[in-house]
Amino acid sequence: MTTASTVGRTGPNIPLVIACGCLVALISFGPRSAMGLFFQPMTDARDWSREIFALALAIQNLMWGIGQPIAGMVADRFGTWKAMTFGTLLYAIGLILMIDAQSAVALHVSAGVLIGLGIAFSSFSLVLAAFGRTVTPAQRSLAFGIGTASGSLGQFLFAPLGATLIENIGWQDTLIVFTGLVALIPLLAIALRGKPEAAGQGNPANSQNLMGAMSEAFGTRGFVLLTIGFFVCGFHVAFITVHLPPFIADVGLDPRWGGWAIALIGLCNVVGSLASGYIGGRFSKPIFLSLIYISRAVAIFAFIMLPVTPASVLIFSGVMGLLWLSTVPPTSGLVAVMFGPRYMATLFGFVFLSHQIGAFLGVWLGGRLYDQTGSYDAIWWLGIVLGIAAAVIHWPIEEKPVPRLAQEAAE
C-alpha cells in the first residue's frame, strides 16, 4: 500500500528542482549574454574587422540552434544531467580556446562552434523541459517564466561583471573566470536528473515514439507558425545583444553605457519574464505573443527616430528588457499545451532552432551591413518589419491540444 508519506519521499523535490534549474539557467546564459563586451577589446587586440567577430557569434547562435533539438533528444533519451554535463565540457573548452584564438578560424571554432553547442546542451531550454515534467500543467506557465527570468538575471549580473573584469584584469582572465563559473553547472544539474518516461509511466500518451511526435508537430499548423514566428525573436535579441554596445560607442557615448544597457535589458527581462509567465497562464498565449512583437517594432522605431542619448538608451533598454525573453514562456507553453511534456525538450528544440537561425542572421547581417555601409540603419529597419510580420503570424495560432491528446483526455 502506498501512503502519502511514501509519495512525498519518492516524488521530485519541486522547490529544489526549481532552485537548481534557475541557477543553471543563470550561469549558462550569463557568459553568452556578455559576449558583446569582448567585441572591441578582441578585435583591437587581433586587428580583426567587425565582421569577423560578428560572424563568430553568429555561428555560436546557429550552432546553439542546430544543437538544441539534438540536446533535447539526448535529454529525453538519457536524462537532463548527462546532456548538461556534456554541454558544460564543450562550453568550458570553447571559452578557454577563445583566449588564445589568433585567427578568424580559431575564433569561429571556439567562440562559435564549441560555445554554441555547449550552450545548446546546458541552456534554459533543457531546464524548462525539466520543469515541464516536474510541475503540474496549471503551474507550467509560471514555472517557465521563473526559469526564463533566471536566464535574464544572468544577463543582468554578467554584463556589469564582465565589463568590470575586462577593465580591471583584461579580457583573457575574464574568460577564465567565466569558465570557472560554467564548471558549476553539472553539480547544480544533479537536481534535474531524470527523463520524461519516469514522469509518465502508464500514460497512453507516452506510447508515441519520437518520429511520430515530430511528424505530428510539423503537421500541425500552429506549431509551424510558432516556429516561423520565433525566428524574429532570435533576430532581435541577438542583434541587440551583440551590436547595441558598439552602436552606442559609435554615436559618441561612453562605451560603459553599452554594458549598462545590456545589464538593464537583463534586469527588466526578469520582470518581463515573470509577468509573461503569469499572463500566459491566464490569457491567450498567441494574442499575447502578437502584442509583444508589435511592441518591439514600436520600441525600435522610436529609438532610431529620436536622438541617441544616455536617457534614450536606458529607456529603450528598459522597454526591450520587458519584451526580451517574455516570448519564451508563452512559446514553450504553447508547445506543452499542443503536445504535452513527453517530447517537449525535442519539439521546443526545433522551435528554438528557428530562433537561432534568426539570431545568426541578426548578428552576422549587423556586422556585414555595418562594414559595407558604416551604419546600422538598415538592420534596425529590418527589425521593425520583422516585428510586424511576427505579430501577424502568431495571431491565428490555436491554443489547444492536438486531437490525439484531446481524445485521450476524453477517454
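A few remarks follow.
- Evaluating 6.51 cos²θ - 1.76 cosθ + 1.60 at θ = phi - 60° for every residue in the range 276-289, the Karplus couplings come out as 5, x, 5, 5, x, x, 10, 10, 4, 5, x, 5, 4, 4 Hz, glycine and proline recorded as x.
- Only Lys, Arg (+1) and Asp, Glu (-1) charged, at Cβ; the range 245-368 dipole about Cα centre in debye: 340
- Taking a point 7 Å from the Cα of GLU167 along the Cα-to-Cβ direction, the residues of the range 289-325 with backbone N closer than 18 Å to it are 310-311, 314.
- The distance separating the Cα centre of the range 117-154 from that of the range 368-396 comes to 28 Å.
- Using C-alpha pairs under 8 Å with a sequence gap of at least 6, the mean separation divided by the residue count of the chain gives a relative contact order of 27 percent.
- Segment ILE190-ALA138, extension gain: residue separation times 0.36 nm, minus the distance between their alpha carbons: 16.2 nm
- Label-point separation in nm, ASN209 to LEU306, each point 7 Å along Cα→Cβ: 5.7
- Farthest toward positive dipole pole in the chain [+1 Lys/Arg, -1 Asp/Glu at C-beta], among ALA101, VAL237, THR148: THR148
- Taking all protein chains as they are arranged and a probe of 1.4 Å, the heavy atoms of TRP381 leave approximately 120 Å² accessible to solvent.
- Length released on extending from ALA389 to ILE96, taking residue separation times 0.36 nm less the Cα-Cα span: 101.5 nm
- Solvent-accessible area of ASP44, all protein chains in place: 120 Å² (probe radius 1.4 Å, heavy atoms, ligands and nucleic acids excluded).
- Per-residue 3J(HN,Hα) values for the range 124-133, derived from phi via the Karplus relation 6.51 cos²θ - 1.76 cosθ + 1.60 with θ = phi - 60°, read 5, 4, 6, 5, 5, 5, 5, 4, x, 8 Hz in sequence order (x marks Gly and Pro).
- Segments 61-67, 181-187, 83-89, 17-23 sorted - mean Cβ within 10 Å per residue, highest first: 61-67, 83-89, 17-23, 181-187
- The heavy atoms of GLU167 present about 140 square angstrom of accessible area, all protein chains included, probe 1.4 Å.
The values are calculated or read from the model by the stated rules, or taken from the named source; none is laboratory data. Worth saying up front: this structure is predicted, and the values here are computed from it rather than measured. Here the Cβ is made from the backbone with ideal geometry for all residues, glycine too, and neighbour counts use every protein chain on show. When the accessible area is computed, the model is the full protein with side chains, heavy atoms only, and any ligands, DNA or RNA have been set aside. Shrake-Rupley method; radii C 1.70, N 1.55, O 1.52, S 1.80 Å.
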